[in-house]
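Visitor: The structure is given below, and queries will be raised subsequently.
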Amino acid sequence: MPKKLIKRLMPDHLTIKNNKHLKIFGTLLHNANLWHLNRRSVSKAFAVGLFFAFMPVPFQMVLAAGFAIIVHANLPLSIVLCWITNPLTMPAIFYFCYVVGTWIIGVPTRKFAFEASWQWLVDSISTIGPAFMLGCLVLATVFSILGYLAINTFWRFSVAKEWKKRKERRS
């Protein structure tokens, strides 16, 4: 059952409640619905976490936590799913976002070399920025919807399978 697997992999709720970056939410973190594992909260958490994983903004986890609180999604899962974009995966994912953005806009991809400077960032916003941001928004939306639907379907299938097993055992 997905609930057992997710529960095993999830961090402790006290660790998240005591996180220094999440202190801004105060008593909102004490809502018990943010910590429950059920089909609706987990599906919403996948949607929220995957959406913010594709957003190229700092403090993705804080934004995901805030949105999870608003939509009553499972908070730890929403935060953990932001880690899909980490220093190892971020270059490939964000390059794919850029390619998708250029495809949607209909412009050719440009060759560029990353530089860790403010000037490069300012110059890139006008050249590759629009395609990159559009690609991020489109992929964030697509993957959050797909994640929501996949988890919702998988959860329903798992529960139906368990009910069938239980019915067979009783017969």
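Visitor: Being under 16 Å from residue 94 (Cβ atoms), assigned to a loop (DSSP other than H, G, I, E, B) and not aromatic (Phe, Trp, Tyr) is the filter here, so list the residues in segment 109-150 that pass it.
Guide: 109, 110, 111, 113, 115, 116, 128
Visitor: Now, a different point. Of the residues 122, 142, only one is under 30 Å from residue 40 (Cβ atoms), of a type in the set (Val, Ile, Thr), open to solvent by less than 90 Å² (accessible area, probe 1.4 Å) and free of Cβ contacts under 8 Å to residues at least 24 places away in the same chain; which?
Guide: After applying the criteria, what remains is 142.
Visitor: Which ones in segment 57-82 are surrounded by fewer than 17 Cβ atoms within 10 Å (Cβ to Cβ) and of a type outside the set (A, V, I, L, M, F, W, C)?
Guide: Those that are surrounded by fewer than 17 Cβ atoms within 10 Å (Cβ to Cβ) and of a type outside the set (A, V, I, L, M, F, W, C): 58, 72.
Visitor: Considering each residue of segment 14-35, count those that are closer than 14 Å to residue 77 by Cα and of a type in the set (Val, Ile, Thr), and give that number.
Guide: The number of residues fulfilling the criteria is 2.
Visitor: Here is a check on your reading of the model: is residue 91 open to solvent by 50 Å² or more (accessible area, probe 1.4 Å) and not aliphatic (A, V, I, L, M)?
Guide: Yes, satisfied.
Visitor: Scan segment 105-145 for residues that are touching a Ser or Thr at 6+ places or on another chain (Cβ under 7 Å) and of a type in the set (Asp, Glu) and report the count.
Guide: 0
Visitor: Can you confirm whether residue 132 is of a type in the set (Phe, Trp, Tyr), exposed (fewer than 14 other Cβ atoms within 10 Å of the Cβ), at pLDDT below 95 and out of contact with any Pro (no Cβ under 6 Å at 6 or more places or on another chain)? Outline the logic, then answer.
Guide: Values: of a type in the set (Phe, Trp, Tyr): yes; exposed (fewer than 14 other Cβ atoms within 10 Å of the Cβ): no; at pLDDT below 95: yes; out of contact with any Pro (no Cβ under 6 Å at 6 or more places or on another chain): yes.
Considered against the rule, which asks whether it is of a type in the set (Phe, Trp, Tyr), exposed (fewer than 14 other Cβ atoms within 10 Å of the Cβ), at pLDDT below 95 and out of contact with any Pro (no Cβ under 6 Å at 6 or more places or on another chain), residue 132 comes out as no.
Visitor: Any residue at all in segment 151-164 that's without any contact (Cβ under 8 Å) to a residue 60 or more places away in the chain and touching a Ser or Thr at 6+ places or on another chain (Cβ under 6 Å)? Quick ask: steps written out before the conclusion?
Guide: First, pick out the residues of segment 151-164 that are without any contact (Cβ under 8 Å) to a residue 60 or more places away in the chain: 153, 157, 160-161, 163-164.
Subsequent filtering for residues that are touching a Ser or Thr at 6+ places or on another chain (Cβ under 6 Å) retains none.
No - not one qualifying residue is present in segment 151-164.
Visitor: Still on this structure: Select, from 50, 28, the only residue that is more than 20 Å from the chain's Cα centre (by Cα), assigned to a helix (DSSP H, G or I) and touching a residue at least 40 places away in the same chain (Cβ under 8 Å).
Guide: 28
Visitor: So which of 109, 102, 85, 127 ends up being surrounded by 15 or more Cβ atoms within 10 Å (Cβ to Cβ) and over 30 Å from residue 152 (Cα atoms)?
Guide: Values: 109 fails: surrounded by 15 or more Cβ atoms within 10 Å (Cβ to Cβ); 85 fails: over 30 Å from residue 152 (Cα atoms); 127 fails: surrounded by 15 or more Cβ atoms within 10 Å (Cβ to Cβ).
It is 102.
Visitor: Residue under question is residue 157, and the condition is that it be at pLDDT below 90 and open to solvent by 80 Å² or more (accessible area, probe 1.4 Å); does it hold?
Guide: Numbers: at pLDDT below 90: no; open to solvent by 80 Å² or more (accessible area, probe 1.4 Å): yes.
No, not satisfied.
The values are calculated or read from the model by the stated rules, or taken from the named source; none is laboratory data. Quantities reported herein were computed from a predicted structural model and do not represent experimental measurements. Please note: Cβ atoms are built from the backbone with ideal geometry, for glycine as well, and neighbour counts cover all protein chains shown. With ligands, DNA and RNA removed, areas are computed over all heavy atoms of the protein, side chains included. Shrake-Rupley method; radii C 1.70, N 1.55, O 1.52, S 1.80 Å.
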